[in-house]
């Protein structure tokens, strides 16, 4: 098993950290700002077990999997990418050490192929028995923004179908002061209700509290997460993503979150806003084709 390595990106605008395991973004803190990315109070680094919080990569399925409009037969949720050892391709952080002040930005690139997946996870669809892919994940730190881009290329001879999401846990001062804006009028699937009934976002803001929020919005619009407690706005821009998943477990689910202190209310410190391609929007690539799912976070 490889070592658990955490690499640092830094420039005049702030600092980010990412783990080789899962290519999992663990933190991003702009200079003079609290962390933008939420993580639980404790960590458990264990091979085969996903890390909590941060920005896990969901691939090649989302949730239990729903490619071709049907469930896949895998037992774990959100695919194997977040439980895989990604290979470092290039790293401006000089092998994990902080690169200091780089006004042009700092970047890191990881690669994942079928041979890197845990045993028994490939193939994931019965009618695509020999999937071949190359997934490239780029994280770029700029002065006031951070961009994550997942590019999946079909390197095989047949079709490649997958779902994906950048499952961003965004840090807020408290849920009571958090308002997500930009989804008014959008259709969404409500995953807190059996059958995922479609609904329409009637209000200007999505708000949060004791009740769970778990929705798949059909929207490619930019969003703003307004935080009255921390006095800031996080802007979320994306591309290659026809859907946005919005999630907070609420009180009941939140108190059961792994790696959090019982009764501490840590679940009140984040809203997950995820650039996604899932369910009926799953991507099918022809041989030699590729798709890029990207998300940029900017603090104002």
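The Rg/Rh ratio of the stretch 144-269, with both radii computed over alpha carbons and Rh defined as the Kirkwood radius, is 1.00.
Compute the Cα gyration tensor for the stretch 195-247, then decide on rounded, prolate or oblate, letting a ≥ b ≥ c be the square roots of its eigenvalues: rounded whenever a/c is under 1.5, prolate when a/b is larger than b/c in the other cases, and oblate in all that remain.
Details: a/c = 2.15, a/b = 1.18, b/c = 1.82.
It comes out oblate by the Cα gyration axes.
Entry note, the chain: relative contact order of 19 percent, from Cα contacts under 8 Å with a spacing of 6+ residues. Across 129, 64, 56, mean-square fluctuation computed from a Gaussian network of the chain (C-alpha pairs under 10 Å connected) peaks at 129. Quick one: Debye curve from the C-alpha atoms of the stretch 106-217, no solvent, what's log10 I(q)/I(0) at q = 0.10, 0.11, 0.12, 0.24 Å⁻¹? Results for the stretch 106-217 at q = 0.10, 0.11, 0.12, 0.24 Å⁻¹ read -0.51, -0.61, -0.72, -1.24.
Extending 7 Å from the Cα toward the beta-carbon at both residue 89 and residue 176 defines two label points whose distance is 4.6 nm. Across 13, 53, 231, mean-square fluctuation computed from a Gaussian network of the chain (C-alpha pairs under 10 Å connected) peaks at 231. Could you work out which residue, out of 155, 140, 252, moves most in a Gaussian network model of the chain, that is, has the largest mean-square fluctuation with Cα springs under 10 Å? Of 155, 140, 252, the most mobile in the Gaussian network model is 252.
Ranked highest first by average number of other Cβ atoms within 10 Å, how do 216-223, 187-194 line up? Write down the numbers at each step before the final one.
Numbers: 216-223: 18.6, 187-194: 14.9.
So the order, starting with the most tightly packed, is 216-223, 187-194.
The alpha carbons of the stretch 239-300 give a radius of gyration and a Dmax of 16.5, 50 Å, in that order.
In terms of its alpha-carbon gyration tensor, the stretch 179-225 comes out oblate; a/c meets the 1.5 threshold, while b/c is at least as large as a/b.
Inter-part distance, the stretch 168-201 to the stretch 23-62, computed on C-alpha centroids, equals 21 Å. For residue 235 and residue 45, the FRET efficiency from 1/(1 + (r/R0)^6), where r spans their Cβ atoms and R0 equals 41 Å, is about 0.85.
Once the Cβ-Cβ distance of residue 116 and residue 184 is raised to the sixth power relative to R0 = 45 Å, the FRET efficiency obtained is 0.65. Only helical runs count toward this figure. For the chain, summing -39,500 (n - 2.57) over DSSP H runs of n ≥ 4 and dividing by all residues gives -500 deg cm²/dmol at 222 nm.
Computed over the alpha-carbon pairs of the stretch 6-299, the distance histogram in 5 Å steps reads 1, 6, 12, 17, 19, 18, 14, 9, 4, 1, 0 percent, short to long.
Sequence gap at least 6, Cα distance under 8 Å: using those rules, report the relative contact order of the stretch 120-184 to the nearest whole percent.
Details: 55 pairs, mean separation 17.0, N = 65.
Value for the stretch 120-184: 26 percent.
Each reported figure results from applying straightforward, stated rules to the coordinates on display, with no laboratory input. What you are looking at is a predicted structure, and each value in this text was computed from that prediction instead of being measured. Don't worry about glycine lacking a Cβ; one is built from the backbone with ideal geometry, like all the others, and counts go over all protein chains shown.
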